[in-house]
Structures are given as C-alpha cells and as structure tokens.
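Everything below concerns the one structure shown next.
No value in this document is a laboratory result; all are computed from the given coordinates. All figures in this text were calculated on a predicted structure; none of them were measured in a lab. When we count neighbours, we look across all protein chains shown, and the Cβ atoms used for this are built from the backbone with ideal geometry, even at glycine.
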C-alpha cells in the first residue's frame, strides 16, 4: 500500500533544499564587476566624488562590508524614486537581482573568481563629453571651502553679454573639484536681484540654502554625481535671454582636513537647427503651511491646473523639500478621472535630491490637475532635525525653514516658436 504524505510548505522547501544542487556563489570577475561598472564606477574611481574606488577586485574586497551595508539599505546607488511611480531615464537603482548578487557575493566571502572572465575595463573620457561647447560660463573666481566643512551652499552670479537671446540645447557642467562638489543647480536671473544679494555678502558669491533667493526666469539644468549632461529633445530649447545672469548654486562637502578650492564651469551648446518649443517650468507648491513642533507625520498638499486650455508634455520632474521632508508623492489626474503616477520619494534626503527625466514625455492634456502630497517629520526623533528643541516651521529660504514644491519641465504642444539659425 502507498501512504499519502501531506507536505506543508515548510517541509516542501526543506526537501527541495536537500535535493537541489547548491548555487555557485557569484564572483567578482564574472558577475560582480559588471554590476559595479554599470552602477558604481562612474563615481567610485580616483578623482571623483565618491570616497573610495571600486575599479579593481582589491578595491571591492577591502570595502565589501561597506558595499553590503550601503546596497542592502538602498543608500547606494543614490536613487530616490520608488519603482513603479514614474518611468525615468538612467535609473541608478539596483534591480532586485543585482542586489541579491552583491549580497550573495559578500556572504560567500567575496570570491575573486577567474580573472580570465573579467570584462574590459571602462574607459572614462576626459574633457567635454559632448564635444567642444559653443560658449563656456565660469565662476568669476575660485571659492575655497575649509577643511571638514559640510553642507556649504553658495550661489555664484555669472553675467552673460550676448547681443541677442540664445537657445541652449545642451549643457555640460564641469565641477572644478569633483570630490568637493556634491551637486549643482542653476537659475536664470533677468533682473538685478542676484547681484544685489552678492553685494550684500562678503567674499565670492552669497550664501543660499533652499533656493537662489529670487524668482528665477528659468534654468540651465544641473549636475550631480553620475548624472549625464543635459540634452533637450529635438526642436526644444532652453531660452537664455539677452543680458541674463546665470546663477549657479553649489553644494560643497569637504571631507578632507585641508581646505579645497573649486571653480566650476559649464559648456553651453546653442541650437544648430530649428526651435519650435521652449523648455518651460510649472510648479505645484504650498507657501501657507506651518508644521507644528513635535509633529512626526505632517502632510502638506498642493495642486496645479493649467486653466489656459493648453495641452502640455512633461519631460522632467524635480521634487523639493528641506531637512524635515520625509516623503513626496506627485500624480496627474486627467480630465477623464484617470490618475497617473509621476514620482514618489518615500525616503527623502535633502542631500540626494535630483531632477528626474521621464523616459518618454508625459502627456498633460488641457484640464489635467497636478497633485503633490509632501510629508514632514518635525519631531525630535528626526535625525535631520535642525532645531533643538523643535519649533513650528513654515515656508522659507533658510536652513531651518521648509518648502513644499514640485517643478515640472514642460513643453506646450501647440507652441510654434519658429526660430531658425541664421544662414551662414
């Protein structure tokens, strides 16, 4: 007679584990180095922003514990959008399979494997990646950051003297000291506001934490470690008005005991073909909130709707809060009631904010409502709390103030600028 054996899920797993062949652990030379090349080495190499290199087996082996902890907590690579909420170009987030491979490698003792399986090393180009620019803008003078100084925010005003408006289609930022520069944001000022701020602050530039201190008339993108140079879609340009000033906000971190000096540049490429659409910016924001002291989860909401009857397409999105920010979710509700997720950051970190480029422009037909929900933690338990004890916090430019805003880079479907380059 046959006896029927009832298998519980646990027993089934044990039996399968006993009979299935053991998986060979991944090795550096085969699987691991390919992940490091794809996700890490842009920054983790000599002369770049990261504190150590991950080019060789010895590099990775010596830092295996740091590597395990950083990827397991998803601190690295620095990529904040939650998967499934928006589709972006060049996402740096490790896939689940890549994460599992790195963790298995460390748990197995970080084996080197067969060096004959190593892929060719990456070749990192020197100089301008986009080729010689048409014009270079540069900080007027170097700026020195003291040793062990962290989170230094400084704005530098760069005048331009073009005799006419210019359409910019490519921007490549070149930090003077990549180990010193954490990230760069840029703004366009068509008034004298930035120069007035500069005159009131001794030394090169002026202090600017949350924003540039004035209402910008646009921007020329920005830079963060691992981000590729900004190139607009065909027929789209960023307007640099005649006589405008470019204001560059620098975020510096100096981990060395000695002072370090930076003088950042940007290579601008002007339109060589027709421009029919201008890269514009819209924002959903709330300036009227007050976060009570001690509140651990305080929601701030804002909405934006274009009542001008325009059909738009969004190509970039930039969430923005300060140190108390914890989460931000942005959605688009179409006129038919359909809701589309644009971005969701569930672990906000002011030090790793970014501009995210959609993989494909997102349609925003006339009547679409953009909704933003920002969550703040104003309790003493918040490790990033700048006020001890906590105090009520509202909108402001200062370190201890807050903001709740999301910017979207958009084009107008019906716009036909009709700019054409002058015949040579």
Per residue, the convex hull enclosing the alpha carbons of the range 100-168 has a volume in Å³ of 272
Take residue 287 and residue 272, extend 7 Å from each Cα along the Cα→Cβ direction, and tell me the distance between the two endpoints in nm. 4.2
Whole-Å distance, taken between Cα centres, linking the range 212-257 and the range 312-328: 16
GNM flexibility winner over the chain from 142, 241, 389 (Cα, springs under 10 Å): 389
Pick out which of 177, 201, 401 has the largest mean-square fluctuation in a Gaussian network model of the chain, springs linking Cα atoms closer than 10 Å. 201
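Pop the C-beta distance of residue 256 and residue 336 into the FRET formula with R0 = 51 Å and round what comes out to the nearest 0.05.
Numbers: r = 56 Å, r/R0 = 1.10.
That gives a FRET efficiency of 0.35.
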In Å, the Kirkwood hydrodynamic radius of the chain over pairs of distinct alpha carbons? 24.1
Hey, could you grab the Kirkwood Rh for the range 277-424? Inverse mean 1/r over distinct alpha carbon pairs, Å, one decimal. 16.6
GNM flexibility winner over the chain from 257, 25, 91 (Cα, springs under 10 Å): 257
Could you give the Stokes-Einstein D for the range 350-424 in µm² per second, using the C-alpha Kirkwood radius, 37 °C, 0.692 mPa s? 192
For the range 135-275, the percent of all C-alpha pairs falling in each 5 Å bin, from 0 up to the bin holding the max distance, is 2, 10, 20, 23, 20, 13, 7, 3, 1, 0, 0
Translational diffusion coefficient, Stokes-Einstein: compute it for the range 30-163 using the Kirkwood radius over C-alpha pairs as Rh, at 25 °C and 0.890 mPa s, and state it as an integer in µm² s⁻¹. 135
Extending each Cα 7 Å along its Cβ direction at residue 62 and residue 161, get the distance between those two points in nm, one decimal. 4.9
The range 345-424: relative contact order as a whole-number percent, Cα under 8 Å and 6+ apart: 14
With the label point 7 Å along the Cα-to-beta-carbon line of residue 414 and a cut-off under 15 Å to each amide N, the hits in the range 358-391 are 364-368
For the pair residue 128 and residue 297, how long in nm is the line joining their label points, each one 7 Å along Cα→Cβ? 5.1
